[in-house]
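Written below as structure tokens is the structure these notes are about.
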Amino acid sequence: MIRKLNVNEQEINKIMEIWRESTIEAHRFISQEYWLKSYEVVKEKYLPMAETYVYLDENEIKGFISILQGEHIGALFIDINCQGKGIGKKLIEHIKEIYDSLTLAVYKENKKAVNFYEKVGFIKKYEKLNEETNESEYSMSFEKH
């Protein structure tokens, strides 16, 4: 089941736990320290600005997607024990029903995520350097036809 995030301490802590574990796992090419330092910024600044949807299995959050400014996917993270089971695809399909166009940035080195986004219909627009991490990332987009 997919629904909007309930803005309460329990659900926020759960998605932040998923964010921390899966972002460190997916971005081994960036120091773990960088992500740990980013934790509070994500929790206190970006999460409140976003429209966040959660995927539940047996009433437990297994993944989430956050949309910023009505079109930008700021986060799509799945519990590391539940990856590869179609949860990310279901979350993408859900937001495609709500939004006509979507953008995102994904690290070039995160090949698994780049391939995933291409499979679900996103197109690489351009490559740029992320100045905070000094890593290349793709800007990708999806448009309803």
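Annotations
- With each label modelled as a point 7 angstrom along the Cα→C-beta vector, the residue 4-residue 31 pair spans 4.0 nm.
- Charges were assigned to the Cβ only: +1 to each Lys and Arg, -1 to each Asp and Glu. The resulting dipole of the stretch 2-143 about its Cα centre is roughly 360 debye.
- Principal semi-axes in Å for the stretch 2-143 [√(5λ), Cα gyration tensor, largest first]: 21, 19, 15
- The spacing between the stretch 70-145 and the stretch 13-51, judged by their C-alpha centroids, is 16 Å.
- Charge-dipole axis of the stretch 36-145 as Lys and Arg at +1 and Asp and Glu at -1 on Cβ define it, positive-most pick from 102, 145, 36: 145
- Restricting the stretch 1-44 to chymotrypsin sites (Phe, Trp or Tyr not before Pro) that sit in a DSSP loop and have at most 13 other Cβ atoms within 10 Å of their own Cβ leaves 29.
- Taking Cβ atoms as reference points and 10 Å as the exclusive limit, the residues near residue 27 contribute a net charge of -2, counting Lys and Arg as +1 and Asp and Glu as -1.
- Two-decimal log10 I(q)/I(0) for the stretch 1-70, as the Debye equation yields it once each C-alpha is a single scatterer, q = 0.13, 0.16, 0.25, 0.27 Å⁻¹: -0.37, -0.56, -1.19, -1.29
- In this structure, residue 132 and residue 93 have a Cβ-Cβ separation that, at R0 = 30 Å, corresponds to a calculated FRET efficiency of about 0.45.
- Loop-exposed GluC sites (Glu not before Pro) per DSSP, neighbour cap 13 Cβ within 10 angstrom, longest uninterrupted part of the chain: 59-130
- Qualifying lysines (Cα of each under 17 Å from Cα of residue 89; at least 8 residues distant if same chain): 4, 62, 111, 112, 119, 144
Bear in mind these aren't lab numbers, they're just calculated from the coordinates by the rules spelled out. As the structure is a prediction and not an experimental result, all values here were calculated from the model. Cβ sites come from the backbone with ideal geometry, for glycine too, and all protein chains shown count toward neighbours.
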